[in-house]
Amino acid sequence: GKKPADLVFPVQDLRKTLAKVNQAAGTQHITPHCLRHTFATAAESLVSTYVLKRMLNHSTSGDVTAEHYVKIDGSRLRAGWQAVADFLDGLSPTVG
């Protein structure tokens, strides 16, 4: 039900949010970089390398195939985001 410009997670201060997550989990190790690693690892088996690079906003500079031949439109990115969301949702325990 979100619009394309809506934030997925309406977090104002990521550091404060992660501090609360770490406190609740009893750890000090969850960082934004850890979240990127987790996302990339989950996505790697679900989408092509070129889609994953775009999802992570990685440069394709110097990659002739990615720069000139593979065109990734919004629908492929949306499908990739949804595939990762569905995968991660399937891993989470049911809250009830």
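Things to note:
- Count of region 59-73 residues, restricted to those that are open to solvent by 100 Å² or more (accessible area, probe 1.4 Å) and closer than 26 Å to residue 3 by Cα, is 1.
- On the stretch given as region 20-47, residues that are among the small types (Gly, Ala, Ser) and more than 14 Å from the chain's Cα centre (by Cα) total 3.
- Answer from 21, 8, 84 - the residue that is without any contact (Cβ under 8 Å) to a residue 40 or more places away in the chain, in a helix (DSSP H, G or I) and out of contact with any strand residue (DSSP E or B) (no Cβ under 8 Å at 6 or more places or on another chain): 21
- The set of residues in region 31-47 that are among the polar types (S, T, N, Q) and closer than 12 Å to residue 84 by Cα comprises 38, 41, 45.
- Filtered by the rule that a residue be open to solvent by less than 100 Å² (accessible area, probe 1.4 Å) and over 23 Å from residue 4 (Cβ atoms), region 43-58 gives 45, 49.
- Those residues of region 74-85 which are more than 12 Å from the chain's Cα centre (by Cα) and open to solvent by 80 Å² or more (accessible area, probe 1.4 Å), in sequence order: 76
- Beta carbons closer than 7 Å, at least 6 apart along the sequence or on distinct chains, pair a first residue in region 28-51 that is in contact (Cβ under 8 Å) with a residue 40 or more places away in the chain with a second that is open to solvent by 80 Å² or more (accessible area, probe 1.4 Å) for 42/87; 46/87.
- Members of region 47-91 that are touching a Ser or Thr at 6+ places or on another chain (Cβ under 7 Å) and of a type in the set (A, V, I, L, M): 66
The values are calculated or read from the model by the stated rules, or taken from the named source; none is laboratory data. Keep in mind that what you see is a predicted model, and the values were worked out from it rather than measured. Please note: Cβ atoms are built from the backbone with ideal geometry, for glycine as well, and neighbour counts cover all protein chains shown. For accessibility, only protein heavy atoms count, side chains too; no ligands or nucleic acids. Shrake-Rupley method; radii C 1.70, N 1.55, O 1.52, S 1.80 Å.
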